[in-house]
Amino acid sequence: MMIRYAVVILLMASPAFAQDAGTAAWTAVYEVFSHPRCANCHVGPDNVPMWSGSSYGAKPRPHGMNTSAGASRIGAESIPCSSCHALQNSQLPHGPPGAHEWLLAPVTMQWFGKSSAEICSQIKDPARNGNRTIAAVAKHIEDEPLVHWGWTPGPGREPAPHSVAQVVEFLKQWDAAGAPCPAK
Ligand code: HEC
Ligand code: HEC
């Protein structure tokens, strides 16, 4: 018994074990960030929000209806997002989802279609995460209603995996292990 505990303690103290635990925690974070409920707003350089996942079928496709977020991210240059996206989810099938505000993530925070390794290095880079520490990224997830929408997306949409509390915990574990990133 004593020997087994000693082995476990030694393992936990070893850098390799911490690295593995950190990479496992990151993988769980990536499952959430890459899910359509999150990635559809953190989209590519053409400024077009995406529809993908659950009721939209397997293949991602552009939003349509002449929608472009523009530099404003709220569609001020064309059709404002708020002309369809209200403060709450529509309860009709394929009705527009809603939240306290509805806009795309800034261009620097786009990760739609990127690999786990790419998103990993982006999330810990203050130049591309809104000048945040990893603790502040976790706090954003804990506090921000737009992030919480990913778990309450309205009828017909698959919620993001895990939960708000779990993602916060995974980010803390990843940070504590030195925030390692996978090879690809
Ligand atoms: C309706 C669009 C929208 C959805 C859906 C959305 N986000 Fe965001 N996200 C934004 C906007 C806008 C910002 C910029 C807010 C800021 O920096 O204060 C942002 C910023 C972030 C940030 C901080 C910056 C960074 O890149 O580290 C994180 C982390 C984040 N979102 C995670 C998520 C997660 C996880 C989900 C899904 C559970 C999600 N978001 C869903 C629009 C969205
Ligand atoms: C003309 C109305 C209209 C406008 C304007 C509009 N949307 Fe939408 N949007 C919708 C509808 C309707 C849906 C839901 C479609 C469905 O469920 O089949 C939707 C869905 C979405 C989704 C998918 C959410 C998900 O993951 O399920 C995103 C992201 C989105 N809109 C972002 C935006 C942004 C950002 C803007 C402004 C730049 C915008 N929309 C402007 C009507 C609109």
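Values in this text are rule-based calculations from the coordinates and carry no lab data. Every value quoted in this text rests on a predicted model; they were computed, and no experiment measured them. Cβ atoms come from the backbone with ideal geometry, glycine included; neighbour counts cover every protein chain shown.
Backbone geometry of the range 169-184 corresponds, through the Karplus equation with coefficients 6.51, -1.76 and 1.60 at θ = phi - 60°, to 3J(HN,Hα) couplings of 5, 4, 5, 5, 5, 4, 4, 4, 8, x, 6, x, 10, x, 5, 8 Hz, x marking Gly and Pro. When the pairs LYS59/LYS114; LYS59/LYS139; LYS124/LYS184; LYS124/LYS172 are compared against a 22 Å limit on Cα-Cα distance, LYS59/LYS139 fall above it. Stretching the chain fully between GLU118 and LEU92 yields a gain of 5.7 nm (0.36 nm per residue, less the alpha carbon separation). A crude spin-label estimate for the pair ARG61 and ILE74, with each label 7 Å from Cα along the Cβ direction, gives 3.0 nm. The three principal axes of the C-alpha atoms in the range 80-184 carry coordinate ranges of 44, 26, 25 Å, sorted with the longest axis first.
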